[in-house]
1. Out of the range 169-197, which residues are touching a strand residue (DSSP E or B) at 6+ places or on another chain (Cβ under 8 Å) and at positive phi?
2. Identify, from the list Val159, Val197, the residue that is under 26 Å from Ser50 (Cβ atoms), β-branched (Val, Ile, Thr) and in contact (Cβ under 8 Å) with a residue 24 or more places away in the chain.
3. So, in the range 148-188, exactly how many residues are assigned to a strand (DSSP E or B), polar (S, T, N, Q) and surrounded by 18 or more Cβ atoms within 10 Å (Cβ to Cβ)?
4. Note down all Cβ pairs under 6 Å where the first residue falls in the range 30-41 and is under 15 Å from Val139 (Cβ atoms), the second is in a loop (DSSP other than H, G, I, E, B) and not basic (Lys, Arg), and they're at least six residues apart or on different chains.
5. Of all strands (runs of 3 or more DSSP E) completely enclosed by the range 34-128, which ones contain at least 3 residues that are among the basic types (Lys, Arg) and modelled with pLDDT of 95 or more?
Amino acid sequence: MFKISVMTKYVSTSFILLLIVTGCSNCDGDENNLLSDEEKGLIPFSVDTSINFANDASETVIGNYSQKESEITNLDSGNDGDCSATNVEREFTTLELSGLEVGFNIVVRKGRNNELFFLISQSDDNNERFAVDDCDGIVDDLDNFLQDISAKGFEFTDVYVFNSCTENSIVQRVLYSSTNGVEFIEFSDGSYLKLDV
C-alpha cells in the first residue's frame, strides 16, 4: 500500500491553493470601454432643463429634460468564472412632454466591442425605438450621420435623423442635435412638435 507523506500532502495542498488563488493570472485584465468627450457631448443636459415646443396649431407644449446621468457597468459581473471585467459607460436623459402621453429616453453608450450605441426610445415602452442607421443603434462615425434636412416647411442643420424601428408607431421620426437635444418630433398622423428657440 502506497503511503503519502505529510510533506507530500502539504506540497500538494499548497499547490492546489496556489492555483485557486492565482487562477486569474491568465486573464487579460479589465477592459474599459468609455465614452469620448465628443460622445459625451451628444447629450447636453447637465441639469434639469425645461424647453418649449410649438405644435402644428401654434400651441406651446412644455418639455422637461432630466439631468443627464452617467454610469459604468461591468458586463461580466454575473460570470463567476471570469476574473476580468468589461466595463462599459453610458449616459442618458429623459424628455417628458407635458399634456402628452409620450416621452423619450435618450441613450449613448459603449458596447462590449467598444462600439457606440446612440438610441432614442419612448419612455413608456422601450420597444418603441428610434435609430439613425440600423435599428441595433450602432453608429460607427457620428459625423457621417449629421444631416441638413427640411421637415414640414422648416429647415434643420446638423441634426441626427432618428427613424422609427417599430411598425405603427405614433412617432415616425425625431430630429436631434447635440446642441439643443430634440428639435423636431413628427407624428404618424401628420402633426408635429418643433423646438421653440
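1. Gly181
2. Details: Val197 fails: in contact (Cβ under 8 Å) with a residue 24 or more places away in the chain.
One residue alone meets the criteria, Val159.
3. 2
4. Qualifying pairs under 6 Å: Asn33/Asn114; Gly41/Ser178.
5. On the way: elements: 49-55, 60-65, 69-74, 86-97, 103-110, 116-122.
Here the list is empty.
The values are calculated or read from the model by the stated rules, or taken from the named source; none is laboratory data. Predicted model only: the values in this text are computed from it and were never measured. All Cβ positions, even for glycine, are placed from backbone atoms using ideal geometry, and neighbour counts span all protein chains on display.
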